Amino acid sequence: MAALQSDSSRGSFIVLGALLVAALLLTTLYFREGPGGPLHRTRTGVLAVSAPLEQAGSWLTSPLRAVGDFAGDLAVSRNDLAALRVQNVELRQQIASLAEAKAENTRLGALLDLKRALQLPMSAARVIGRPTSSWEGSLVIDKGSDAGFKPGMPVIAAQGLLGQLVEVAPNASKVRLLTDRRSGVAALIQSSARGRGIVRGSIEGGLSLDFLDRGSNPKVSDTVVTSGIGGIFPKGIVIGDISFIRDRRADPFLDVVVTSRVPIQDVEEILVITAPIPDTGAGTGASP
């Protein structure tokens, strides 16, 4: 048995040696012959035959490689995925914060422009409570007597007149809206006729222009502003626009509806006029 194993090992070494010698000879002949030699032509032929086979094999195995890549992606750790989710949430929050800051800057810029136009002492405040129904004609702001606020002071938004302070605490105040049924302000139509009347609120939350004479010849879309009469609201504050006119022959005055420009449900910042308003004549303000 040992003799057979010895002969087998000797034969393997002989074959290996023969292969090495043959490889050395072929390599030497390949580098010594020219590009048109038989070894070069043989290699070129083998390459021409094997290239299509290699391409077909690559096409057949590409789905397997794709599956392998997908499986590798699935191997991403859960910690990495959790970190990406947290980063996504943070980026969304940053975008929302930037959008909110931009909107706030726009609103504050409009208030600043109004303050410059009126040239009256004013103090800004934020809305912290708003009406929950049309029956509740008031809202709450975040400043009060500590900021020098007093009942009766006019309150305006960037779009126009909002109302006036009726209750004042050290750090908060209640604003009675112009649309409240107890509110009233002396008004003037910004047209050539310059018709005058009293804008009042209603239970429904709308505005009417009362005591307007037919001779004023108002038109739908005419702008209505404060007249300054009564010494409560300064002259020239926009109240709204005429949206409806009805002439009742039996009534000495026109029936006029005014639509406020102030989006009450969207107001977030307001201005309180803190300076005394000079009285330009007899008039009326908010009812007690």
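Quick one: order LEU254, LEU209 by neighbouring beta-carbon count within 10 Å, fewest to most.
Ordered from fewest to most neighbouring Cβ atoms within 10 Å, LEU254, LEU209 come out as LEU254, LEU209.
Give me log10 I(q)/I(0) at q = 0.10, 0.13, 0.19 Å⁻¹ for segment 144-271, Debye formula, one equal scatterer per alpha-carbon, no solvent.
These q points yield log10 I(q)/I(0) values of -0.32, -0.52, -1.01.
Give the average over all directions of the projected area of the C-alpha convex hull of segment 144-210, one decimal, in nm².
5.3
Please report the net charge: other residues with Cβ closer than 12 Å to the Cβ of GLY137, K and R +1, D and E -1.
Taking every Cβ under 12 Å from that of GLY137, the sum is +3.
Which cross-chain or sequence-distant (5 or more) residues have an amide H under 5 Å from the amide H of ALA169, H modelled 1.01 Å from N in plane?
Amide H to amide H, under 5 Å and 5 or more residues apart or across chains, ALA169 pairs with SER145, LYS174.
Around PRO170, what is the net charge, scoring Lys/Arg as +1 and Asp/Glu as -1 over all other residues with Cβ under 11 Å from its Cβ?
Result for the local shell: 0.
From the phi of every residue in segment 211-221, what ³J(HN,Hα) in whole Hz does the Karplus formula 6.51 cos²θ - 1.76 cosθ + 1.60 yield, where θ is phi - 60° and glycine or proline is x?
Rounded to whole hertz, the list is 6, 8, 6, 4, x, 6, 6, x, 10, 4, 5.
Coordinate-derived values only; no laboratory data. The structure presented is a predicted model; accordingly, all values stated were derived computationally and were not measured. Positions of Cβ are backbone-derived with ideal geometry, glycine not excepted, and every protein chain shown enters the neighbour counts.
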